[in-house]
Structures are given as structure tokens and as C-alpha cells.
Ligand code: FSA
């Protein structure tokens with residue numbers, strides 16, 4: 001057991017993305033005076049999934065149940081408090097409503113059994129293209145919605161401006177005393193300081209050892225590069241593209257509910273600064289499988305790219321052609337792959353490492369981590385202090401026993417693209433990637 005943590009303990013957070021900034025903020029708010037954040041990129045990092053114009057957010061109500069679903073809902077309820085009441089985050093939450101929809105019988109059944117169960121009264125059923133069109137102002141939905149059915153709730157859900165919320169958390173954490181060392185080589189962590197079976201900080205590419213009483217690993221999908229996760233994490237990429245809107249269109253498309261088809265994709269309104277409309281195609285994700293010489297199973301290894309596979313661009317256009325065909329021919333002006341890390345049960349992994357007593361693991365966002373930025377750092381801080389509430393500690397524990405053997409192709413309750421986890425084209429296979437001007441590299 002490592003020595004007890006106190007407010008002047010030295011704490012190094014490896015990573016400067018969504019969960020790392022949230023953790024830094026919660027720690028300094030609790031009075032920790034020696035918190036250092038390390039990231040190879042200035043914040044907001046160009047490769048952080050949180051560096052995005054928008055993400056879906058739904059406001060959940062508290063519950064004290066302790067099954068997996070209740071624990072997820074209780075965590076989401078804590079986030080909702082932040083989106084509604086914390087001045088660091090509240091300006092970025094837009095309660096514009098949410099439409100969940102699908103087209104095939106399997107997807108519709110999934111929505112009814114999971115998304116809507118227990119919440120049926122909050123939603124209005126959408127049965128026809130006219131029903132969908134009536135949910136949005138100014139005639140923006142012009143499509144035929146072939147075979148679509150949906151459910152609309154007009155409040156209690158919407159979207160958040162992800163990048164602005166991330167930067168807001170970072171600035172407030174810094175104002176309250178967290179030290180951010182970013183950029184390469186000084187912020188680029190090349191390994192953990194391993195000593196006597198424990199972890200005592202992190203080494204950066206400038207040769208410096210940032211020694212610490214506690215190290216928190218909060219690097220999203222890059223986590224398996226630092227410790228062996230015993231097959232618990234699957235780094236998986238999703239895809240997004242932006243099209244350009246005019247200033248007039250940006251006005252017309254304001255305050256739209258989120259439209260999410262669980263097998264085709266989703267969009268929210270154009271961003272207020274550049275007037276770009278972001279569209280994601282929905283699918284079980286892409287992996288980059290590599291069999292490393294000393295590992296038994298293939299591992300998915302993230303790489304950054306500001307392009308998407310051409311097949312993803314085609315799905316984005318198909319999605320647009322069903323809902324807003326007047327926009328389907330607009331070229332993508334920005335696109336990227338975004339990495340998340342799934343666990344096999346899609347629960348978070350927030351725990352002390354079982355064999356490194358000073359290392360806290362904050363991983364396993366499972367594709368729904370961003371919406372927790374207001375509160376996740378509080379749970380991670382509770383874990384650091386050894387007082388994470390029992391039901392969270394149980395569900396978010398180190399749990400290799402639930403992920404025996406290769407589960408890399410499991411779609412994990414996601415739909416779209418034939419319900420297959422797809423292989424990313426090789427990074428340099430240019431024929432299979434979009435070629436959006438200015439999109440190469442990591443910036
Ligand atoms: O309801 C939500 O939280 C949407 S998460 C957005 C998304 O792109 C997923 O649709 C996708 O399946 C994956 O989990 C990454 O995040």
C-alpha cells in the first residue's frame with residue numbers, strides 16, 4: 001500500500017485531454033497544491049477526441065441502484081449537475097433536444113429495449129418523414145427518411161461545445177494552480193518511472209523524470225502503450241467530417257435537436273465560429289490491428305490522421321442524402337478519425353492498478369466519455385483518495401476476467417456499416433483515404 005495521499009502530495013497526470021483536464025480541475029478545487037499535467041500537444045491537443053466542435057449530451061437523474069445501468073446513470077447524473085450549474089461548463093451545454101432513430105427492425109428493437117426503457121414518457125414517436133421534418137425549424141430537413149422511425153425528446157438532452165468545454169476546464173485548472181507542461185519534448189511522456197514494482201512518475205522526451213507520489217494515467221486510447229491492460233481495452237476509432245455552411249445557413253440551422261440514427265450517423269447544428277456542420281457516420285468502429293512480437297493477441301494501435309476512409313465519407317453522404325439531400329454533394333472541408341477505448345462491458349476503468357500501488361488508471365471511456373467532463377475528474381479524485389463509492393469502484397474495477405480471449409471484433413451493441421468492427425486502411429494507403437486539403441498530419 002502506498003503512503004496516504006495528502007493535499008501537498010505530488011501528483012502527475014499523464015495526458016492533457018478530456019479526463020485529464022477534468023481530473024486536474026477537480027484536484028485543484030479540492031486544494032491539491034502539486035498537480036502537474038503532461039501532454040505532448042498544447043491543449044486542446046489536435047489528437048484529443050475531445051477537441052471537437054460538438055458532442056451529444058443527455059441529462060440523467062440520480063439513482064442509487066448498483067447494477068451496471070444504474071451506475072452509468074448515476075455517473076451521467078453527476079455530469080448533468082456540472083452541465084447545468086458549474087460555471088466552467090454550463091455555458092457550453094445546449095438543451096436543444098434529441099432524436100434517436102433507426103431504420104432496420106434490429107436497430108429499432110435495440111432503441112426500444114435500451115435507450116428508451118424506463119424513459120418512454122419523455123419521448124414522442126416519429127413515424128413518417130413529416131414527423132421528422134416537424135422537429136426542426138426552417139424546413140432544414142428536406143429528406144425522405146426512407147424506412148426511418150424515431151423518438152424525439154424536446155428537452156433534457158442536446159449537445160455540448162466540446163473544445164470550448166475542454167479549454168474552459170484547462171484554464172480554470174491552471175488558474176487554480178495546476179501546472180501544465182505541454183508540447184514536445186518537454187510534455188511528451190515516453191514512459192512511466194518504474195521502481196520496485198511501483199510507478200513513481202513519468203519520463204518525458206527531454207530526459208526529465210517527473211517524480212510523483214501518485215501518477216494518474218489519463219491518456220484515452222493511448223493507455224495500453226504505457227501499461228499492460230491484460231486485454232481489457234480496445235482502442236477504436238470513429239470518423240467525422242465537416243461541410244461548410246454560409247452565414248445565412250448557420251442562422252437557419254441554429255438550435256436544432258441532435259439527430260442520431262443508431263445505424264447511419266448523427267449531426268448537430270453548425271458551429272458558431274466557422275459555420276461548419278459536423279456529421280458522424282455511425283458504426284462499430286475501426287481498429288488498427290498489430291500483432292506485437294511478445295503479445296499473444298493482436299492489439300489495436302492508434303494513429304492520428306486528419307482524413308477519414310473514403311467509405312466513411314460515402315456513408316456520411318448517404319446519411320445526408322436521406323435527411324438533407326440538398327447538402328449531400330458538399331465537399332468535406334475537414335475530417336478526422338477520433339480514438340476512444342472500449343472495455344468489453346463498456347463500463348469505465350477507474351481504479352488503482354492492481355500491482356503498482358501508486359498508479360491510478362483512468363481509462364475505458366467506451367465512446368461515451370466526453371459528456372462526463374464536468375464530473376469524471378471528481379470520481380478519479382475519489383479513487384486517488386481511496387474513497388470511490390462502492391458501486392462505482394466495483395463496476396469500474398480492474399477486471400481482466402470479463403475479457404478472456406480475442407474480443408476485438410465484437411460490435412458491442414453498436415449498429416451501422418454491417419455491424420462490423422472494420423480495419424482501418426493503412427495510414428499511407430492514399431487511395432482509401434479522403435484527401436482534404438490541409439488535412440494531413442496531426443494538426
Ligand atoms: O449517445 C452518445 O453518447 C453518442 S456517443 C458518439 C459516438 O460517436 C457513438 O455514436 C459511437 O458509437 C462511439 O461510441 C463513439 O461515440
When segment 150-182 is checked residue by residue, the ones that are surrounded by 15 or more Cβ atoms within 10 Å (Cβ to Cβ) and farther than 25 Å from residue 29 by Cα are 150, 151, 152, 153, 154, 156, 157, 158, 159
Being more than 12 Å from the ligand (Cβ to nearest atom) and part of a loop (DSSP other than H, G, I, E, B) is the requirement here; does residue 256 meet it?
yes
Would you point out which residue out of 383, 428 is free of Cβ contacts under 8 Å to residues at least 60 places away in the same chain, under 27 Å from residue 167 (Cβ atoms) and away from the ligand (no atom under 14 Å from the Cβ)?
383
Residue identified as within 14 Å of the ligand (Cβ to nearest atom), more than 15 Å from the chain's Cα centre (by Cα), under 22 Å from residue 243 (Cβ atoms) and not in a helix (DSSP H, G or I) among 316, 279, 337
279
Looking only at segment 365-379, and only at residues there that are in a helix (DSSP H, G or I) and within 8 Å of the chain's Cα centre (by Cα), the one that is farthest from the ligand (Cβ to nearest atom)
370
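Do you know which residues across segment 50-67 are within 16 Å of the ligand (Cβ to nearest atom), touching a residue at least 40 places away in the same chain (Cβ under 8 Å) and over 15 Å from residue 169 (Cα atoms)?
Of everything in segment 50-67, those that are within 16 Å of the ligand (Cβ to nearest atom), touching a residue at least 40 places away in the same chain (Cβ under 8 Å) and over 15 Å from residue 169 (Cα atoms) turn out to be 53, 54, 55, 56, 57, 58, 59.
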Residues in segment 71-103 that are more than 14 Å from the ligand (Cβ to nearest atom), assigned to a helix (DSSP H, G or I) and in contact (Cβ under 8 Å) with a residue 40 or more places away in the chain: how many?
7
Just name the residue that is modelled with the lowest pLDDT out of those in segment 387-428 that are within 30 Å of residue 265 (Cα to Cα) and touching a helix residue (DSSP H, G or I) at 6+ places or on another chain (Cβ under 6 Å).
425
State yes or no: is residue 345 assigned to a helix (DSSP H, G or I), modelled with pLDDT of 95 or more and either within 13 Å of the chain's Cα centre (by Cα) or surrounded by fewer than 23 Cβ atoms within 10 Å (Cβ to Cβ) (or both)?
no
Across segment 104-128, which residue is farthest from residue 418 (Cα to Cα) among those that are in a helix (DSSP H, G or I) and touching a helix residue (DSSP H, G or I) at 6+ places or on another chain (Cβ under 9 Å)?
120
The condition of being touching a residue at least 24 places away in the same chain (Cβ under 8 Å) and either more than 16 Å from the ligand (Cβ to nearest atom) or within 16 Å of the chain's Cα centre (by Cα) (or both) holds, among 294, 206, 213, 228, only for 213
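The values are calculated or read from the model by the stated rules, or taken from the named source; none is laboratory data. Everything quoted here is computed from the prediction, not taken from an experiment. Positions of Cβ are backbone-derived with ideal geometry, glycine not excepted, and every protein chain shown enters the neighbour counts.
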